[in-house]
Amino acid sequence: MLFVDPDFLGADTCRRIRSAMDRGVAEPAEVLHDASGVDRRARDATIIEVDPITLSAVETALDARRDAIADFFSIQLTEREGAGFLRYSPGGFYGPHRDWAVTSSWPAAVRRRLSLVVFLNNSHDSPAPGEHAGGTLRIFDSETRDVVPREGCLVAFEATLVHEVLPVREGIRDVIVDWFY
């Protein structure tokens, strides 16, 4: 099952968040496994620490959708892990993986029920400024589902599902990720 809210964030809000990401502190995104660290063979992305005001606004918006998402999946959701801001440059990707795991490097990963992705810009074959080409979210459920990034769209799915981010061919792909417990 895939929860989709195509109008979760407006275009102006997405631009403000991307601007906050431009000003934020960036570092290579790690891969969740027992030996902590960056593995560019599995994932090539940057995680960005945004200012507290931007973070608070995003977390408030995500919390406001908790009940609708819980109702859709017919489960009770208690809390979130905390929003992360990811940037994929040209060539950036994240190979097939699950967000749920039993691992000593991130014990809370075993509590993850749902994965959330909020796209902050569009993907097109011929991207305009501020857009990108590629970077499709591919989810492997009973069938393979490709979710083409659309600005402001929130997608939620079970954290145990295998998924990947296909390589960005051109431009920059910006997203927010989080997990409901």
Here are some values of mean projected area of the Cα convex hull in nm²: (1) 10.9; (2) 9.7; (3) 14.0. Which one was computed from this structure?
(2)
Charge tally for neighbours of ALA64 with beta carbon under 12 Å away, counting Lys, Arg as +1 and Asp, Glu as -1, is -1
HN-Hα J in Hz across the stretch 8-15 - Karplus 6.51, -1.76, 1.60, θ = phi - 60°, x for Gly and Pro
4, 10, x, 4, 5, 5, 4, 5
Report, by chain and number, residues whose modeled amide H sits under 5 Å from the one on ARG80, excluding near sequence neighbours (fewer than 5 apart, same chain).
TYR181
In Hz, Karplus ³J(HN,Hα) per residue of the stretch 65-71 (6.51, -1.76, 1.60; θ = phi - 60°; x = Gly, Pro)
9, 3, 5, 5, 5, 4, 4
Using the Karplus curve 6.51 cos²θ - 1.76 cosθ + 1.60 with θ = phi - 60°, what ³J(HN,Hα) values do you get for each residue of the stretch 23-30, in whole Hz, with x for Gly and Pro?
8, x, 8, 10, 8, x, 6, 7
4 °C / 1.567 mPa s Stokes-Einstein diffusion coefficient of the stretch 139-180, Kirkwood radius on C-alpha pairs, µm²/s
107
GluC sites (Glu not before Pro) restricted to DSSP loop in the stretch 81-181 with at most 15 other C-beta within 10 Å
GLU143
If amide hydrogens are placed 1.01 Å from N in the peptide plane, which non-local residues have theirs closer than 5 Å to the one on HIS124?
HIS132, ALA133, GLY134
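Within 13 Å, Cβ to Cβ, of LEU2, how many net charges do the neighbouring residues add up to if Lys/Arg are +1 and Asp/Glu are -1? Walk me through the intermediate numbers first.
Details: positive: ARG138, ARG145; negative: ASP5, ASP141, GLU143, ASP146, GLU158.
Computed value for this residue: -3.
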Take ASP22 and TRP106, extend 7 Å from each Cα along the Cα→Cβ direction, and tell me the distance between the two endpoints in nm.
2.8
Given points 7 Å out from each Cα along the Cα-Cβ axis, report the SER56 to ALA68 separation in nanometres with one decimal.
2.4
Using a basic spin-label model with each label point 7 Å from the Cα along Cα→Cβ, how many nm lie between ASP12 and ARG41?
4.8
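Would you mind calculating the relative contact order of the stretch 27-117 from Cα pairs under 8 angstrom and at least 6 residues apart, reporting the percent as a whole number?
Value for the stretch 27-117: 35 percent.
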Long-range HN-HN contacts of VAL147 with modeled amide H, under 5 Å
LEU137, ARG138, ILE139
Defining a contact as two alpha carbons under 8 Å apart and six or more residues distant in sequence, what relative contact order in percent does the chain show?
30
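Every number in this text was worked out from the coordinates using simple rules, so none of it is lab data. Quick caveat, the model's predicted, so the values are computed rather than measured. Here Cβ is always computed from backbone atoms with ideal geometry, including for glycine, and neighbour counts include all displayed protein chains.
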